[in-house]
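Structure, as structure tokens:
The values are calculated or read from the model by the stated rules, or taken from the named source; none is laboratory data. Since we're looking at a predicted model, the values are computed, not measured. So basically every Cβ, Gly included, is an ideal-geometry build from the backbone, and we count neighbours across all protein chains shown.
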Amino acid sequence: MNFLNRHIRATFVAPALVFVIAMMIVPIIYTTYLSFHAWNGSARRAPEYLGLDNYTRLLTRDPRFGDAVARTFIFTGIAVGAELTLGLGIALLINGKFMGHNIVKTLILLPMVATPVAIGMAWLLLYEPNIGALNALLRGLGLPPQDFLGSASLALFWLAVVDIWQWTPLMALILLAGLTALPEEPYEAARVDGASGWQRFMHLTLPLLFPTMIAAVLLRSIDALKTFDIIYTMTRGGPGFATETINTYGYIQSFEYFQLGQASSLLIVFFTLILAVSLFFVRIRRRWGAAL
């Protein structure tokens, strides 16, 4: 008991530290170990050490990897860019007190309630080329039906639409919290000086809200880069490899091709990319905060 009293801070931190080590650090170490080996998951055959061969093959002789990286960042750019724009617009609309504002704030959370797999199945029905609701709407407007997920050039965009529909409310809520925390004094001074609403938005709201926007973009970018459920549920990376991202490619390498060493090297490279993106946004946020 005396030991616990003397080390009370460490005692409270220890459970969280053990959890982080067990659930995060150990899997990363094991994945890194596998990335230097060839292994198909067999219990009778131990992993075979290959050195850097998996990384060399991945970065120089695997065309699917480069294309998957490009699609991952294209998907993330489309989704997060649209979510930021729409989320900011929604946050500005529902900022402040008005009749039913609590109901509105609750309703916009509904897309986030369902699981991604359920959402993917629902949108799969909407995109269905023969009986889907979207093509029924197009026919009603006299427009030709579309094969939304059958087009190699547009399938990734339509998958991004699903992500935008689901996660724009989260972006809106984060930005709404940022808007409610902005000081009133600069706005009062701007009104006294005769600044218009647009001028207040451009020269006050956006600069003051920028750190919150960077934090929101960081959170959503990390999540969008890791998107798997919607893509695998709706297209499984098809048509062909048109919607294959790093996550779906890693899953296929692991559980369909049973190339666990190759898949592990892919995941380590992916982890490094996400870490680099995170550090980039954190650095931007710190520089902007220092400038303010």
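Quick notes on this one:
- Looking only at the range 30-47, residues that are surrounded by 11 or more Cβ atoms within 10 Å (Cβ to Cβ) and either of a type outside the set (Ser, Thr, Tyr) or outside any helix (DSSP H, G or I) (or both) come to 8 in all.
- Of the candidates Gly87, Gly120, the single residue that is more than 17 Å from Thr233 (Cα to Cα), modelled with pLDDT of 90 or more, surrounded by 19 or more Cβ atoms within 10 Å (Cβ to Cβ) and within 23 Å of the chain's Cα centre (by Cα) is Gly87.
- Pair list, Cβ < 9 Å and 6+ apart or interchain, from the range 23-46 residues that are under 18 Å from Phe255 (Cα atoms) to residues that are acidic (Asp, Glu): His37/Glu48; Ala38/Glu48; Ala38/Asp53; Trp39/Glu48
- Residue match in the range 155-178 (condition: exposed (fewer than 14 other Cβ atoms within 10 Å of the Cβ) and in a loop (DSSP other than H, G, I, E, B)): no
- Among the residues listed as Ile21, Ile28, the single one being modelled with pLDDT under 85, of a type in the set (A, V, I, L, M) and out of contact with any strand residue (DSSP E or B) (no Cβ under 7 Å at 6 or more places or on another chain): Ile21
- Test: residue in the range 80-96 that is in a loop (DSSP other than H, G, I, E, B) and under 24 Å from Lys226 (Cα atoms): no
- The range 179-231, subset exposed (fewer than 12 other Cβ atoms within 10 Å of the Cβ) and of a type in the set (Asp, Glu), residue nearest to Ile164 (Cα to Cα): Glu184
- The range 229-258: number of residues that are closer than 30 Å to Pro47 by Cα, assigned to a loop (DSSP other than H, G, I, E, B), within 20 Å of the chain's Cα centre (by Cα) and touching a residue at least 40 places away in the same chain (Cβ under 8 Å): 2
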